[in-house]
Ligand code: NAD
């Protein structure tokens, strides 16, 4: 076995249906008495219902979290947290809300409890991406990692089926890149395969029957494991491309991950034969070809495959390729600008991924 370094992630996880009801117990355990509850405007009623259930322990509710964590929103939330003397942060929602919680947490050192309602996995990572002046900058710091995560399947039931599958595919992308990370290790690879399996098994059920509790619970379990992968080892070309497309072209996060994943995997395929074999064994219908299996899964999940459907322009393709190759980073296959431009062109058009680049 080759040498490796493994860092365990210290977050505390409370998993299970109805687990949000254990929040008062958790607050008492940590002696927290003045929470700021965060959400997006779309999930304001969820944040407010949490406030009602916490019997006076909420000092204030801030419902302006937004995609890609704009620093202008963080500054407003921070001023509010200080004005109400918050002693802790609760973020209830997807990666956007959790991102705001992390942004306040790293600036104040307040304890952060996450209650995720999507499958994006941010709650398991010490990573924070923030946007200012049209540029998304990402940093990693152990202090960013939330201290407690409560996974309650009931809160995911309202996530529409189409958003659930793109969010789940976003999660799968973390685990796929973890399998071929430069600092991959056997523990994280186990979690990655288990996480992908849980999502590959549950997402087709969710698209047909969004209120299926067993499938929702398996998807949440898978997203936890895949989030751990994202937080534990380095990501490569797939995440770099999605980061560029999201941060500089305002492409929606989960949908972009969904579209790029098969193309990024196809680009790396020649250099990662063992990973391709492992993935082929997980994606149903692969017949030994993981790209075929992934294409079939995307068809089964009825996802949209073209970046142009989400507002990317033909002129942006070359610009995105230039930005994505501007800074060097590790990838199993050397980054070649012309091929990356072709990859983005295929994703722009919505063609099926092929391992012929
Ligand atoms: P999101 O948080 O932006 O949520 C999308 C929309 O769905 C929002 O309006 C939200 O309120 C709503 N929503 C969420 N859960 C819902 C539910 N259960 N029912 C109904 N509506 C619900 O989407 P996301 O994909 O979870 O997060 C994307 C953001 O998270 C991006 O900014 C991305 O960069 C960041 N992210 C960061 C990390 C990290 O490790 N730092 C990891 C993953 C994602």
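Laboratory data are not the source of any read-out in this text; all were calculated from the coordinates shown. This structure is a prediction, so every number in the text was calculated from the model and none was measured. So basically every Cβ, Gly included, is an ideal-geometry build from the backbone, and we count neighbours across all protein chains shown.
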Rounded to the nearest 10, the angle in degrees between the Cα long axis of helix 290-300 and the longest principal axis of the Cα atoms of the chain comes to 60 degrees
tail above 24 Å in the computed P(r) of the range 161-349, as % of all Cα-Cα pairs, reads 34 percent
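When all alpha-carbon pairs of the chain are counted, what percent fall beyond 37 Å? Each step should come with its number before you reach the end.
Numbers: 9840 of 63546 pairs.
So the portion of pairs separated by more than 37 Å is 15 percent.
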Which residue, 20, 165, 92, has the most motion in a Gaussian network model of the chain that connects Cα atoms within less than 10 Å? 20
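As a test of the formula, what do you get for the chain when each DSSP H run with n ≥ 4 contributes -39,500 (n - 2.57) and the sum is divided by the residue count, at 222 nm and rounded to the nearest 500 deg cm²/dmol?
Numbers: 13 runs with 183 residues, N = 357.
Theoretical 222 nm ellipticity from helices: -16500 deg cm²/dmol.
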Bins of 5 Å, starting at 0 and running to the largest distance - Cα pair percent for the range 12-156: 2, 11, 22, 26, 22, 12, 4, 1, 0
What ranking do 290-300, 334-344, 196-206 get when scored by the average of other Cβ atoms within 10 Å per residue, highest first? 196-206, 290-300, 334-344
Relative to the chain, whose Cα atoms define the longest principal axis, helix 237-249 and its Cα axis are tilted in degrees, nearest 10, by 60 degrees
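Have a look at the DSSP beta bridges in the chain and tell me what percent are antiparallel, nearest 5. Intermediate results must be reported in sequence, preceding the final value.
Working: 6 of 26 bridges.
Antiparallel: roughly 25 percent of the beta bridges in the chain.
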Across the range 310-357, what fraction of all alpha-carbon pairs, as a whole percent, falls in each successive 10 Å bin from zero upward? 24, 54, 22, 0
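Sorted from largest to smallest, which semi-axis lengths in Å does the alpha carbon gyration tensor of the range 190-240 give for its equivalent ellipsoid, taking the root of 5 times each eigenvalue?
Working through the eigenvalues yields semi-axes of 23, 11, 8 Å.
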Given the Cα-Cα distance of residue 52 and residue 319 and 0.36 nm per residue of separation, how much length would full extension add, in nm? 91.3 nm
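Of all DSSP beta bridges located in the range 12-156, what percent are antiparallel, nearest 5?
Numbers: 6 of 26 bridges.
The antiparallel fraction comes to roughly 25 percent.
Extension gain residue 208-residue 337, at 0.36 nm per residue separation less the Cα-Cα distance, in nm?
Values: separation 129, 0.36 × 129 = 46.44 nm, distance 3.96 nm.
The residue 208-residue 337 span can extend by a further 42.5 nm.
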